[in-house]
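Each remark here refers to the structure printed beneath this line.
The values are calculated or read from the model by the stated rules, or taken from the named source; none is laboratory data. Source: prediction; values computed, not measured. Positions of Cβ are generated from backbone atoms using ideal geometry, with glycine treated the same way; all protein chains shown enter the neighbour counts. Ligands, DNA and RNA are stripped out before the accessible areas are found, and what is left, the full protein with its side chains, is counted by its heavy atoms. Shrake-Rupley method; radii C 1.70, N 1.55, O 1.52, S 1.80 Å.
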Amino acid sequence: MSKKIFVLLIILMSLSLIGIIFVQAYYINASVSNERERFKFNVNKVLNYVSNTLEDREKAEYVYKLQDLMSQGVAVDTAAIRNLYIIQEDFDSKETVVYRNGTLEENYKFNSSVFDIGLDTINVKRILSERETKVFKNTGSDIDFDLSSKDKLLLLDKMSSTDKIIFEDVYKDLASRLPIHKRVAKEEIQELLSTKLKEDGINIDFEFAIYSNDLATRIRSDNFENDKTSPFSVHMFYNENNQSSYKLLVNFPDDKKFILSSNMGMIILSIIFTSIIIIAYGSALHQLIKQRKISEIKTDFINNMTHEFKTPIATINLALDAIRNPKIIDDKEKVLRYLGMIKEENKRMHAQVENVLRISKLEKNELNISKDRLDLHEIVEDAITHVELLVEDRQGYIKTFFDAPKSSVLANETHFTNVIVNILDNAIKYSPDAPKIEVYTENVGNNILLKIKDHGSGMSKAAAKRVFEKFYREHTGNIHNVKGHGLGLAYVKRIVEDHQGHVSVESEKEKGSTFIIKLPIIS
């Protein structure tokens, strides 16, 4: 897959994921907004109900007081009567029907002490309506409008609803003179709000207060705070001009939690599924990038391996051509020299192939590693003999500092020797000048630490983190100034871990590296 297509796929996948997240977020936000509007609607409905209920209750109390005074025989101050007559004659039945609709207006004066409003007297106007129907038999004489009761149909309607309308202006004027705490009790508002809110499914704590012209009154709950932005308010106790100076305010400290709770199940599921999608996407993206890097590393490995094999093959071909030369074939010394070169290059290629096979077997857990009780110091000394000629050839040195009194470990001699040889070989290869290598051992608890330190070119922190990965080599373009194929340290890590140990590296560019192996000791 080309780099452009790879980048395009990542961009498209990322945009798709972002789109899914935005759609989910939009849907959740819309659901929460709808729930918030429903909450506002229900609360405002409750507030209107409470306001109307309080007004109706107060109106009823005043009407009943006035009616009670009238029933006690308060004298009428003035009265006026108006009558409307409608006469209809039926010649077939020889009857005349007279309709009368009369209005009686009575004015009363009351002592206002019963209402406790600070006035001497109250003037109240009362209007009564009377409807009457009379039926007369046409006998040829003049119609007598004073027939006896058996010839009369009388309909009288006291119209109590009319009385209430008449008294409404009076009661509003009277009530407006009272302070709000005498018109309504805090407990009454608390009970009405609590009951009605629960009926509408709003079972959360609330605080309330009544304000008069934006000033607080004595009617308020203990923890009410007016933040000037409360969306829940309603005017109450309108006067005769249909104006109101009182406003009932309600706050809900936990309204956001309540609104979210109705959508919490959907929100949690959306978060869970979106998280799963994000994790799956991230994992897939990580694997894609990892596979691409592995592909690049393998390509680099093949290039390195090709380079590594190309040199010995070329050397072998040159040696064979030289041996076939008639001038050389009779020179036994030179023939043996060229044969030795062929053998050494062959061993070199064989060692590289063996490294690849060992890693492959380790990956498949097919490498049979038997362990015996061994002395780590002896293993190190044996490994040093494998590379000391290379070090001496470059005028370098390997010094040992065996400070661990306990050095017995359970290990496989061949594989662990190879581990130390690999690390020493790296120290030699990555030393631009004469290799200077120190080997230290020490006991830490029930473990032994083996430190192999060089003073070579070192490596970057990024390379130090990945140096034990299979096929990994610090990128240097197409330059092969240091031969290798990125398998040696991967092999080291797998073998050390198979011995229940741990390997790490400390390195600084141009100052060298220190490889640290920790193994459990045995008594």
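Charge tally for F252 (other residues, Cβ to Cβ under 9 Å; Lys, Arg +1; Asp, Glu -1): -3. Provide the FRET efficiency to the nearest 0.05 for the E35-K4 pair, computing r from the beta carbons and using R0 = 45 Å. That gives a FRET efficiency of 0.45.
Subtracting the Cα-Cα distance of Y64 and E296 from their residue separation scaled by 0.36 nm leaves 73.9 nm. Averaging the inverse of every distinct alpha carbon separation and then flipping it gives the Kirkwood radius. What is it for the range 1-47, in angstrom units? When all Cα pairs of the range 1-47 are included, the Kirkwood radius is 13.6 Å. If you take all other residues with their beta carbon under 13 Å from the beta carbon of S431, and give Lys and Arg +1 and Asp and Glu -1, the sum is -1.
Computed with a 1.4 Å probe on the full set of protein chains, the accessible area for R373 sits at about 140 Å². When the listed pairs K298/K493; K371/K429; K347/K429; K182/K247 are checked against a 24 Å cut-off, the alpha-carbon distance exceeds it for K371/K429.
Taking only protein heavy atoms and a 1.4 Å probe, the accessible area of the range 396-459 is 46% carbon and sulfur. Rolling a 1.4 Å probe across all protein chains gives Y238 an accessible area of roughly 80 Å².
Extending 7 Å from the Cα toward the beta-carbon at both D331 and D403 defines two label points whose distance is 5.5 nm.
For the pair E344 and E191, label points projected 7 Å from Cα toward Cβ lie 11.0 nm apart. Under 14 Å from a label point set 7 Å out along the Cα-to-Cβ vector of Y27, the amide N atoms of the range 238-272 belong to 265-272. Over 23 Å apart at the Cα level, from the set K406/K461; K290/K453; K196/K257, are K406/K461; K290/K453.
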